[in-house]
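Each remark here refers to the structure printed beneath this line.
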Amino acid sequence: GLTVLGSVNLDLLVQVAELPKAGETVTGGTYSALPGGKGANVAVAARRLGAETEIVAAVGDDDYAAQALVNLKADGVYLDAVKTVDAHTGLAFITVSADGENQIAVASGANAAFTPEHLPKLCSDVLITQFEIPIAVIEAALKDYAGFVAVNASPVTPNVDRILARADLVIVNQGEADAYRLSGREGLLAITLGGSGAELWRDGELVARAPAPKVNVVDTTGAGDAFAAALTVALAEGQAEQEALEFACAAGALTTTRLGTQTASPTRVEVDALLKT
Ligand code: ADP
């Protein structure tokens, strides 16, 4: 099975005609609450692609927690290792204008209050993580972990050299690839290139390149999380590097064809169908 170690957030979204400027109030907005957080996004994506998936995460003792976990629950992600901690559930306050510009302020809450003491014993054979929880928690989890480790090194975070060195697979977008010094790293490195697809490097050598399937793009949020989940699942299944990269690009591309993040994540059947066209 797959362990996802990461964040759970509730995204509180307001759609307005125009973004407020500093000190301004804009009224007439439309509200929605959407489950988010990179950890939760990746867990939903992996589960929909068929992987038996557990999430190791922290939420608050509040009404936001159940809302934040609703898709994980519906898709059948194991939630036994979701700990309730003394903080509020992670919240992202997102304002989106009619022309698609956004402002986002995150109150990390439980994700920041997550400590190594909250970790269960990890006995899966594959683990994937990202940098929306404290680095100390990731280091503690990896200390005794014997399985395959994938790290989506996002957002860009200092002092993660030891984590990146332990990772069997590092996944970054172009901005992140420029921010870390990864070229020539031992092991696997995937670099996503948005509408241009992705590359896979092994021990500093390019071993696979895949284009992004041509799709009708509606909303690119969540594409990187779906790609990371799909590549990790495919490699864990034993797919060849080229095949796994194409599988991940198809999952990323399909996510861009629908609004939202977790609900936009494709099923295995959809990815297989796109790969056959
Ligand atoms: P991030 O969202 O993390 O910045 P990217 O923008 O590189 O990551 O996108 C991740 C993956 O999602 C890409 O490698 C590609 O497979 C898919 N993707 C992103 N944008 C598009 C697009 N415009 N058309 C098709 N696929 C896309």
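The values are calculated or read from the model by the stated rules, or taken from the named source; none is laboratory data. Because the structure is a prediction, the values reported are computed rather than measured. Glycine also receives a Cβ, built like all others from the backbone with ideal geometry; neighbour counts cover every protein chain displayed.
If you check VAL269 against the conditions, is it more than 12 Å from the ligand (Cβ to nearest atom) and either farther than 20 Å from VAL151 by Cβ or crowded, with 20+ Cβ neighbours inside 10 Å (or both)?
Yes: the conditions hold for VAL269.
Let me confirm something: among GLY37, GLY28, which residue is closer than 28 Å to ARG268 by Cα, out of contact with any Leu (no Cβ under 7 Å at 6 or more places or on another chain) and not aliphatic (A, V, I, L, M)?
When all the criteria are applied, what remains is GLY37.
Could you figure out which of (1) of a type in the set (S, T, N, Q); (2) in a strand (DSSP E or B); (3) under 22 Å from VAL271 (Cβ atoms) isn't true of ASN71?
Condition (2) is where ASN71 drops out.
Can you pull out every residue in region 99-114 that is touching a residue at least 24 places away in the same chain (Cβ under 8 Å) and assigned to a loop (DSSP other than H, G, I, E, B)?
If the condition is that a residue be touching a residue at least 24 places away in the same chain (Cβ under 8 Å) and assigned to a loop (DSSP other than H, G, I, E, B), then GLU101, SER108, GLY109, PHE114 are the ones that fit.
Identify, by number, the condition in (1) within 13 Å of the ligand (Cβ to nearest atom); (2) of a type in the set (Ser, Thr, Tyr); (3) in contact (Cβ under 8 Å) with a residue 60 or more places away in the chain that THR232 doesn't meet.
Status for THR232: all satisfied but (1).
Against the conditions (1) among the β-branched types (Val, Ile, Thr); (2) modelled with pLDDT of 95 or more; (3) surrounded by fewer than 24 Cβ atoms within 10 Å (Cβ to Cβ), where does VAL4 fall short? Just the number, please.
Exception for VAL4: condition (3).
Only one of these is crowded, with 22+ Cβ neighbours inside 10 Å and in contact with a Ser or Thr (Cβ under 8 Å, 6 or more places away or on another chain): LEU231, LEU169. Name it.
Only one candidate passes the filter, namely LEU169.
Return a yes/no flag: does region 159-168 have any residue that is under 25 Å from GLU243 (Cα atoms), within 16 Å of the ligand (Cβ to nearest atom) and in contact with a strand residue (DSSP E or B) (Cβ under 8 Å, 6 or more places away or on another chain).
No, because not a single residue in region 159-168 is under 25 Å from GLU243 (Cα atoms), within 16 Å of the ligand (Cβ to nearest atom) and in contact with a strand residue (DSSP E or B) (Cβ under 8 Å, 6 or more places away or on another chain).
For VAL207, all conditions in the list (1) closer than 23 Å to LEU274 by Cβ; (2) away from the ligand (no atom under 15 Å from the Cβ); (3) surrounded by 18 or more Cβ atoms within 10 Å (Cβ to Cβ) hold save one; what is the number of the exception?
Exception for VAL207: condition (3).
For region 1-43, how many residues meet the condition of being within 12 Å of the chain's Cα centre (by Cα) and either free of Cβ contacts under 8 Å to residues at least 12 places away in the same chain or part of a strand (DSSP E or B) (or both)?
Residues flagged as within 12 Å of the chain's Cα centre (by Cα) and either free of Cβ contacts under 8 Å to residues at least 12 places away in the same chain or part of a strand (DSSP E or B) (or both) within region 1-43 amount to 4.
Identify the residue in region 178-202 that is near the ligand (Cβ under 10 Å from one of its atoms) and not polar (S, T, N, Q) and, among all such residues, is surrounded by the most Cβ atoms within 10 Å (Cβ to Cβ).
ALA190
Take region 81-118 and flag every residue that is in contact with a strand residue (DSSP E or B) (Cβ under 7 Å, 6 or more places away or on another chain), modelled with pLDDT under 95 and over 12 Å from ASP11 (Cβ atoms).
Hits for region 81-118 are SER97, GLN103.
Going by the structure shown, is ALA153 in contact (Cβ under 8 Å) with a residue 12 or more places away in the chain, out of contact with any His (no Cβ under 7 Å at 6 or more places or on another chain), crowded, with 18+ Cβ neighbours inside 10 Å and hydrophobic (A, V, I, L, M, F, W, C)?
It is true that ALA153 is in contact (Cβ under 8 Å) with a residue 12 or more places away in the chain, out of contact with any His (no Cβ under 7 Å at 6 or more places or on another chain), crowded, with 18+ Cβ neighbours inside 10 Å and hydrophobic (A, V, I, L, M, F, W, C).
Does HIS118 count as in contact with a Gly (Cβ under 8 Å, 6 or more places away or on another chain) and not basic (Lys, Arg)?
no
Among the residues of region 51-61, is there at least one that is more than 22 Å from ALA223 (Cβ to Cβ), assigned to a strand (DSSP E or B) and without any contact (Cβ under 8 Å) to a residue 24 or more places away in the chain?
No: zero hits.
Could you tell me whether THR261 is in a loop (DSSP other than H, G, I, E, B), surrounded by fewer than 24 Cβ atoms within 10 Å (Cβ to Cβ) and either within 8 Å of the ligand (Cβ to nearest atom) or among the hydroxyl-bearing types (Ser, Thr, Tyr) (or both)?
No, not satisfied.
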